[in-house]
Amino acid sequence: MSKSEVTTTKKKKLSTADIAFYTFNTIFMAVFVIVTLYPVLNTLAISFNDGLDALRGGIYLIPRKFSVKSYITVLKKDDLLVGAYISVARTIVGTLLSLVTCAILAFIVSRKNFLFARHLSLFWVITMYVNGGMIPIFLLYKGLHLTNTFWVYVIPGMVSAFNMLVIRTYMNGIPDSFEESAQLDGAGYTTIFLKIISPLCKPVYATIALFVAVYQWNSWFDVMLYNRMSSKLTTLQYELMKLLASVTSQSTSAQSMKNSTSSITPVSMRAAATIITMLPIVCIYPFLQQYFVSGLTLGGVKE
Amino acid sequence: MAQQKKDKLSNIPKAEFVKQLKRQWVLIVWSIFFVAYGLLFYYAPLVGWLMGFQQYKPKDGILHSKWIGLEKFRSLFSDATYLGVIRNTLAMGVINLIATTIMAILFAILLNEIVGVKKKKVVQTISYLPHFLSWIIVTGILHDALSGSGIVNELLLRFHLVPQAVNFFAHEEYFWPIVAFANVWKETGWNAIIYLAAITAIDPSLYEAAAIDGAGRWDKIRYVTIPGIKSTIIILLIMNVGNVLNAGFEIQYLLGNGLVQRVSQTIDIYVLKWGISQMDYSLGTAAGIFKSAVSIVLILICNEVAKRHGEERLF
């Protein structure tokens, strides 16, 4: 109620310049929303269109010749199924491992009376700025026999100084009295971490879990670099990349494809695979908004 | 209370120190784990930098490979390709930083001016979407949009802006703008979060005062909002300058092709090509060392600038 009152009182006072401003703002936002959404919705339309028909072009937001064949074909491809399985696995395992270790590390360095808190903190902050580079890291993983295993996805990036810092900032905001009163009751550090601090840290844990999960889900370069030879360890994103590469190399022969009889084309298949790949994240992120917004603002640092 | 404890700690007697150690054994055991992990995965690769000064052979290892001093660096810097690659990395990094920063600020300011909480929320939710998509998906979408029969060419043709469809991926002059646009498309909403937070923190009485002085929306933005978020803008810019060289891999790798490789290749792609594909580990390492060195220098400079601004955010 009061909101509309505010709007009406504002409207009364609007000058020409203000009207120009609001018009400009509305147009800007409309263009912004269209430019952001159109490509995604267009891909969605193409994915539900008959593949051969889609090559004629002219599909915008609504499929012209509805078909779910692209999805059926994609879901029948073994590589993509393996990829989906590995993607889900690395997202779950990677997020859990990363969240648990980063939370413990943050807990340790945020204990004000821990003797080595500062040293450990510095040790980790340095890793944010000094990086061995692609080749030494590649040879290291090879030497550790991590290449061609699932673990290369989840072990190396597990502890991250950035995520630790975000959690630490949050933990620093928790009053010391919580820890002190627990200690008086005879609680050890393990109990304090599990029973006192962690329940209070749920919002920041959610933020970090989201960051890590998105990172894991979207990764493809580590697949290409370390596990290219193991088809059993491929991921959705990597399979999608291979599809994209095949489409771009064939785009010149799109003309010839029009004469083929199959109603499945690389273009429609890639559209379907793209939608499948983005679906989980698109469904989840709107509900986690408050977490990542507060997490980003809290860390005071951008990813 | 906490302060007292901390002061006590800095000059604890030995007996007390041992007692503390005993009480904190859980923390210490975990610390040992985290130090071991960090040494293995973050510090050990730094030893690999020695390869940049060797003619590294996998069968000899770092201990027995032949030392060649700066030879690899010399051959790098006499290679016109590598010099071009440095230029590309720097140019795209700087263009992207400027473009994404300006767009994020503009978006944050305008979003803040939307009347109606619901409308604002919807636009904002949509604006985050591209951040969560992988570069694979984003480049796929770009390929579609910019292809011969894509929406961009269709619009250009319909309004008679071009005589025939433009092949955007075949011309060098389009590559950097396409990369900048892709970055803006993907990150504007996300980057705006922090600016929006800064705008929300501005004292509302400043706007009221401005309104009493007869300021319209434009004036309020110019004289209240922008000065209010200036320090946030400066800090974020400074922090990101240090990362300028890191911003050049995925999209360039995925979008680049033989026709534009003179302007599309970045340092990381060069390292991948020579280090991994050609197995010249020493050359790849040397190219990577140079990148790290420049990055560290940039970060140190930025840190100094940040300190002068009265902000100590980096170290």
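The values are calculated or read from the model by the stated rules, or taken from the named source; none is laboratory data. All values derive from a computational prediction rather than experimental measurement. Cβ placement follows ideal geometry from the backbone for every residue including glycine, while neighbour counts extend to all protein chains displayed. The accessibility values were calculated without ligands, DNA or RNA, using every heavy atom of the protein model including side chains. Shrake-Rupley method; radii C 1.70, N 1.55, O 1.52, S 1.80 Å.
Worth a mention:
- Cβ-based charge dipole, region B:73-308, positive-most Cα from B:Ile234, B:Asn112, B:Leu146: B:Asn112
- Legend: mean number of C-beta atoms from other chains within 10 angstrom of residue C-beta atoms, peptide B:210-218, equals 3.
- When the Cα positions of B:Ala287, A:Ala182, A:Ala103 are compared along the charge dipole of the protein assembly as shown, A:Ala182 comes out farthest toward the positive end, with charges on each C-beta of Lys, Arg, Asp and Glu.
- Based on C-alpha pairs under 8 angstrom that are at least 6 apart in sequence, region A:70-303 has a relative contact order of 35 percent.
- Tensor-based shape of region A:70-303 (alpha-carbon gyration tensor, a/c under 1.5 rounded, otherwise prolate or oblate): prolate
- In a reduced charge model with +1 at each Lys and Arg Cβ and -1 at each Asp and Glu Cβ, chain A shows a dipole moment near 640 debye about its Cα centre.
- For A:Leu279 and B:Ser78, the FRET efficiency from 1/(1 + (r/R0)^6), where r spans their Cβ atoms and R0 equals 51 Å, is about 0.55.
- Average accessible area per residue (Å²) across chain B - probe 1.4 Å, nucleic acids and ligands excluded: 51 Å²
- With all protein chains modelled, accessible area of A:Cys102 [1.4 Å, Å²]: 0 Å²
- When Rg and Dmax are taken over the Cα atoms of region B:146-208, they come to 19.1, 55 Å.
- Of the DSSP H helices in chain A, those whose Cα atoms cover at least 18 Å axially and whose Kyte score averages 1.6 or more: A:78-109, A:266-284
- Taking the 1.4 Å solvent-accessible surface of region A:70-303 as the whole, the part contributed by carbon and sulfur is 66%.
- Percent accessible area from carbon and sulfur atoms, region B:73-308, protein chains only, probe 1.4 Å: 65 percent
- Percent breakdown of C-alpha pair distances by 10 Å bin, ordered from the shortest bin, for region B:73-308: 7, 24, 28, 23, 13, 4, 1
- Rounded to the nearest 20, the Cβ-based charge dipole of the protein assembly as shown about its Cα centre (Lys and Arg +1, Asp and Glu -1) stands at 600 debye.
- Gyration tensor (alpha-carbon) shape descriptor, region B:1-122, a/c threshold 1.5: oblate
- Bridgeable aspartates and glutamates around B:Lys186 (alpha carbons under 17 Å apart, same-chain partners fewer than 8 residues away excluded): A:Glu303, B:Asp144, B:Glu250.
- On association of chains A and B, roughly 8700 Å² of accessible area becomes buried (total for both chains; probe 1.4 Å).
- Each Lys and Arg contributes +1 and each Asp and Glu -1, all at the Cβ; summed about the Cα centre of chain B, the dipole is approximately 1080 debye.
- Lys/Arg +1, Asp/Glu -1 at C-beta; chain B dipole; positive extreme among B:Tyr174, B:Ile98, B:Thr225: B:Thr225
- Residues of region A:29-90: accessible area per residue with a 1.4 Å probe, Å²: 51 Å²
- Net charge of Cβ neighbours under 12 Å - reference B:Leu111; Lys, Arg +1; Asp, Glu -1: +2
- J(HN,Hα) series, region B:171-184, from Karplus relation 6.51 cos²θ - 1.76 cosθ + 1.60, nearest Hz, glycine and proline x: 10, 4, 5, 8, 5, 4, x, 4, 4, 5, 4, 4, 5, 5
- With a Förster radius of 51 Å applied to the beta-carbon distance between A:Tyr85 and B:Ala215, the computed FRET efficiency rounds to 0.30.
- Amide hydrogen neighbours beyond the local backbone of B:Gln54, cut-off 5 Å, H modeled: B:Ile68
- Charge tally around B:Gly258: other residues with Cβ under 14 Å, Lys/Arg +1 each, Asp/Glu -1 each, net +1.
- Gyration tensor (alpha-carbon) shape descriptor, the protein assembly as shown, a/c threshold 1.5: oblate
- The lysine pair count for region A:70-303, using Cα distances under 28 Å and pairs eight or more places apart or on different chains, is 14.
- Mean-square fluctuations from a GNM of chain B, with a 10 angstrom spring cutoff on Cα atoms, peak among B:Pro58, B:Pro13, B:Pro204 at B:Pro13.
- Under 13 Å, Cβ to Cβ, from A:Ile104 - net charge with Lys/Arg +1 and Asp/Glu -1: +2
- Neighbouring partner chain Cβ atoms per residue of A:138-145, average, 10 Å criterion: 4
- Here's how it looks for A:Lys65: its modeled amide H is under 5 Å from those of A:Asp50, which are all 5 or more places away or on a different chain.
- Accessible surface ranking for B:Asp268, B:Asp203, 1.4 angstrom probe, highest first: B:Asp203, B:Asp268.
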